[in-house]
Structure formats: C-alpha cells, structure tokens
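The values are calculated or read from the model by the stated rules, or taken from the named source; none is laboratory data. Because the structure is predicted, anything quoted here is derived from the model rather than measured. All Cβ positions, even for glycine, are placed from backbone atoms using ideal geometry, and neighbour counts span all protein chains on display. Accessible surface areas use protein heavy atoms only, side chains included; no ligands, DNA or RNA. Shrake-Rupley method; radii C 1.70, N 1.55, O 1.52, S 1.80 Å.
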Amino acid sequence: MGRFTFRAWRRVAAWTQAVLILGLPFVRVGGESALRFDVPTLKLYFFGSVVWISEAYFFLLVLLLFAIGVMLFTVLYGRIWCGWMCPQTVLSDYSRSIERIAAWFTGHRFLRTAFSQGLLAVFSTLVAFDLVAFFVSPYDLLADVRSRSIGPWTFWSWIFFSSLIYLNLVFVRQRFCASICPYARFQSAFFDQDTLTIAFDASRAGECMGCEACVRTCPAEIDIRQGLQVECINCAACIDACSHQRDRYGKGSLVYYAKGKGGHDGQAGTRPRVVWLSLLLSVIAVLFLYQIYSRMPVDFWVIRDERQSYHQIGVRGNILNAYSLLIENRSLTPGIYQLSISGIKDAELVISQNPVRIPPNSSARLPVYVFAKRQNLSERMTRIRFTLTDTVSSEIRIDQEAPFIYPERSDKGVDI
Ligand code: SF4
Ligand code: SF4
C-alpha cells in the first residue's frame, strides 16, 4: 500500500476548507446564513446571532482575534497557513488539477488550452459567486440569477471578482506569495528556534543525487537545498518529491519538517511569546463569545424631534413634544415591546401602536408624542424617561432619557 504523502494530506485539508468555506453562507442557523456579512443591511450573521453595525466593538474584537490568532499560529507553525490553508494556495492547487483534467480529455495543444481556460473561467465564476454570497443572501442571489433580475452592484461585483480570480489563476498563482503577500513579509519576524519550518538536511548533503525533483515540484520556484527562503510556503511538496526519488533506494527524504530558522532541532521549554499570545487569544475569544451570546437582543434610542421643538395645543395649559423612537430587534424571532414613560406627573404617551411588534432581525422608527400639563413642569427642561419592556422576556427593560421642553411664556406671545 502506498504511503500517505503530504500532498494527500494537503488535499484533505483543501477539500475540508472548500466544503467549509463554500458552505458557510448557504448553511442556515436560525433561518440565516451561518456566517455572512450582509452588505445591504450592514449586519454580521454569526452562527445564529446577528451583530449590527451599531455594535462596532464586536468587529473590533473579531479583528483582534484574527490578528493575534495569526501571530500565534505563525510563531508555532511558521508558514503552514500559506502552504496548507491559504485560499491563494488552495485555489492555485485546484487550477493545476483543472489543467491536468483538461489534459486527460484532449491531446491537441490548442484544444487542451481552450478547454482548460474554459474550465478555469467556470471555476472562477463559481468561486466568485461564493465570495459574493458572503455579502448578500445566497438564496436571494440564486433566485435573482434564475429570474435574471440580479442588481447592478451585485452583478458587477460578481463579474469583477470572477475576472480577478481568473487572471490570478492564469497569471499569478504562487508568485503572489513571494512578491505581493504582506503576510510573507512580516511572518519571519515571528520565527524562533521552535517554529516549524522546512529544511534540507545539510549534514547529509553528500547523499543528494542532484535529481532536482524538489526544485521542479516547488510551486514557489525555489531550491530548498540553498536553505530556508522567504518564498517557501511550507507546502512540503519537496519532501514528497525527495521521498519519492530516494524511496527506490530505501532511503528517506533529505528535506523534512524541522524546527527553527536554521533547520536544527528546537529547544524544549516554555516559550514566553506563545504563552502570552495564547492567554491573550483565550481572553479575547471568551470575551467575544460571552458578548455575542449574552448581549441584549434588542436596543432602542429616543431622539427628540427638534423641528417641532414644542407646541401648545388643544386644551389650555397642555404642552406637546415630539420624538422619534428607533427600536432594533436583533434577534431571529419576532419582538413585541411595551413602551411607557415616567419622570413627569400625568404625562401621556401618544403612539400609533403599543405594544410595538417588530419582525425578526429588523428595526422600526416610530414618531411618538408626549403630552404634559404645564402645572406639572417645574423647570423649562425636564428629563423624561422612556422605558421599553420586552413582553416575551420581561427581564429585558431598556430606559432612555430625553428632554421635554416648554416655551417661555413671553416667546411668540404664547399664553400657557
Ligand atoms: S521549498 Fe518545499 S515547502 Fe517550500 S514552497 Fe518549495 S516545495 Fe513547498
Ligand atoms: S529531490 Fe532530494 S535528492 Fe533530488 S535534488 Fe532534491 S534534495 Fe537532492
């Protein structure tokens, strides 16, 4: 039975990643995508929770998690991310497989090229569709495609990303890693004597047959026998190639996964930067999960309508102020909210519906009025409290204050 090569393991990793990444916008949790940032509404769907853009600190936590996670991963595993998980590498590998498939079907050079370019174009279009599905509902997108009513922004974004991916797969591939990728530039700063790297065993250099299989197979087009280079993406293709060459003679590969920049064995013991980064990552991850699963599923704001700053209406001695209430139901279930006011004796809230019903994952802006008697107002400006109570989960109550103002007696000759 053949050996399970690094290439086979990388294929398993690539397919797992493809299924996960392609599937996340399509899998529904609580009726919405498992993971998606919806651009039209500026909301992040995260495994059954909805994060609104007004909760910007969540996005800050996500950025911190990502940045610290990348640092820790780099300290521990060097550029394993690049060789095994980075979409650029995975897509480049798929494009090579597509070219090999095209070569099976037709032997003529021109037809083979046309066929493989056609397959690459279709592949790029599908990948771009999935990319767009991370930003608009994939189900709406599919329906729009079927009914040919896709909006111009979505359509041109899809065309743009399809073209970009296609050109990348045809002309760039792993050259991106060596020349453009910013991660490749800074990652070597995180390497220490225990970071996982690829190394050529210089102590056995005399055993090298000079077959150059390791060089020919390298997607970064480098010669690992010259030592670790910034272009190396830790893909291990050279290990497989050397193993394949030397297996015939019953000898092991001269290239191997090593520790440290110099390719010598790592040192045992605790690594302070790993400890600190792990601690920091754990704290932020716990904070993020706590925040996301314990946050208020509703929020509301009160804005006094300054255009109708105050009125005297109807019965002599009554004052009216107008407000706008903004209520966000951030849950994936319908919300029913009771509104009340306090802070001014006998004040009356005038609202078109109370309780207010708001569909799941939606917001509503409601104009409301408050009547108060002049005799109950000791100051020209009184703070009035609006209270929202969730009738489904009565522990949820939110108070917001706003000013209630009456006019000076002399203003505009008003007699109150
Ligand atoms: S040197 Fe080896 S591990 Fe590094 S990129 Fe080339 S083939 Fe991959
Ligand atoms: S594949 Fe192995 S034996 Fe062949 S040139 Fe590379 S290191 Fe030497």
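Please verify whether the stretch 145-164 includes one or more residues that are among the β-branched types (Val, Ile, Thr) and touching a Leu at 6+ places or on another chain (Cβ under 8 Å).
yes
Scanning for something hydroxyl-bearing (Ser, Thr, Tyr) and within 16 Å of ligand 2 (Cβ to nearest atom), does the stretch 201-208 turn up at least one residue? Walk me through it before giving the result.
Filtering the stretch 201-208 for residues hydroxyl-bearing (Ser, Thr, Tyr) gives 203.
Going one step further and asking which of them are within 16 Å of ligand 2 (Cβ to nearest atom), we end up with 203.
Yes; the residues of the stretch 201-208 include at least one that is hydroxyl-bearing (Ser, Thr, Tyr) and within 16 Å of ligand 2 (Cβ to nearest atom).
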Neighbours by Cβ (under 7 Å, 6+ apart or cross-chain): first from the stretch 226-252, free of Cβ contacts under 8 Å to residues at least 12 places away in the same chain; second away from ligand 1 (no atom under 13 Å from the Cβ) = Gly252/Arg246
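This table checks each residue for (1) under 28 Å from Val29 (Cα atoms); (2) touching a Phe, Trp or Tyr at 6+ places or on another chain (Cβ under 8 Å); (3) in the same structural domain as Arg304 (by TED's automatic domain parsing); (4) open to solvent by 40 Å² or more (accessible area, probe 1.4 Å).
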residue: Val350; (1), (2), (3), (4): no, yes, yes, yes
residue: Ile358; (1), (2), (3), (4): yes, yes, yes, no
residue: Ala364; (1), (2), (3), (4): yes, no, yes, no
residue: Tyr369; (1), (2), (3), (4): no, yes, yes, yes
residue: Arg380; (1), (2), (3), (4): no, yes, yes, yes
residue: Glu395; (1), (2), (3), (4): yes, no, yes, yes
residue: Glu401; (1), (2), (3), (4): no, yes, yes, yes
residue: Phe404; (1), (2), (3), (4): no, no, yes, no
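Within the bounds of the stretch 200-213, is there any residue that is under 30 Å from Leu91 (Cβ atoms), within 11 Å of ligand 1 (Cβ to nearest atom) and outside any helix (DSSP H, G or I)? Don't jump to the end; show me each part of the working.
Filtering the stretch 200-213 for residues under 30 Å from Leu91 (Cβ atoms) gives 200, 211-213.
Subsequent filtering for residues that are within 11 Å of ligand 1 (Cβ to nearest atom) retains 200, 213.
Right, trim to outside any helix (DSSP H, G or I) and you get 200.
Scanning the stretch 200-213, I find at least one residue that is under 30 Å from Leu91 (Cβ atoms), within 11 Å of ligand 1 (Cβ to nearest atom) and outside any helix (DSSP H, G or I), so the answer is yes.
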In the stretch 318-337, residues that are under 35 Å from the mean Cα position of the chain (by Cα) and assigned to a strand (DSSP E or B) total 9
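Listed here are the residues, each with its yes/no results for (1) within 16 Å of ligand 2 (Cβ to nearest atom); (2) hydroxyl-bearing (Ser, Thr, Tyr); (3) in the same structural domain as Tyr94 (by TED's automatic domain parsing).
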{"site": "Trp158", "(1), (2), (3)": "no, no, yes"}
{"site": "Tyr166", "(1), (2), (3)": "no, yes, yes"}
{"site": "Leu169", "(1), (2), (3)": "no, no, yes"}
{"site": "Phe186", "(1), (2), (3)": "no, no, yes"}
{"site": "Cys232", "(1), (2), (3)": "yes, no, yes"}
{"site": "Cys238", "(1), (2), (3)": "yes, no, yes"}
{"site": "Ala241", "(1), (2), (3)": "yes, no, yes"}
{"site": "Arg248", "(1), (2), (3)": "yes, no, yes"}
Within the bounds of the stretch 165-180, is there any residue that is touching a residue at least 12 places away in the same chain (Cβ under 8 Å), open to solvent by less than 70 Å² (accessible area, probe 1.4 Å) and touching a Cys at 6+ places or on another chain (Cβ under 7 Å)?
-> yes
Condition check for Leu72: closer than 29 Å to Asp140 by Cα and in the same structural domain as Cys232 (by TED's automatic domain parsing) | no
Please enumerate the residues belonging to the stretch 214-230 that are outside any loop (DSSP other than H, G, I, E, B), of a type in the set (A, V, I, L, M, F, W, C) and near ligand 1 (Cβ under 7 Å from one of its atoms).
-> Cys214, Ile224
Tally, over the stretch 246-257, of residues that are in a loop (DSSP other than H, G, I, E, B) and open to solvent by 60 Å² or more (accessible area, probe 1.4 Å) = 4
Any hit, the stretch 168-187, residues being within 14 Å of ligand 1 (Cβ to nearest atom), modelled with pLDDT of 90 or more and among the aromatic types (Phe, Trp, Tyr) | no
Scanning the stretch 20-68 residue by residue, those farther than 19 Å from Val127 by Cβ and either among the β-branched types (Val, Ile, Thr) or not assigned by TED's automatic domain parsing to the domain that holds Ser137 (or both) turn out to be Val29, Thr41, Val50, Val51, Ile53, Val62, Ile68
Give the residues of the stretch 60-119 that are over 16 Å from Arg185 (Cα atoms) and among the charged types (D, E, K, R), sorted by residue number.
-> Asp93, Arg96, Glu99, Arg100, Arg109, Arg112
The correct count of residues that are at pLDDT 90 or above and either more than 30 Å from Phe186 (Cβ to Cβ) or open to solvent by 20 Å² or more (accessible area, probe 1.4 Å) (or both) in the stretch 205-236 is 16
Among residues of the stretch 231-245, those that are within 6 Å of ligand 1 (Cβ to nearest atom) and in a loop (DSSP other than H, G, I, E, B), counted = 5
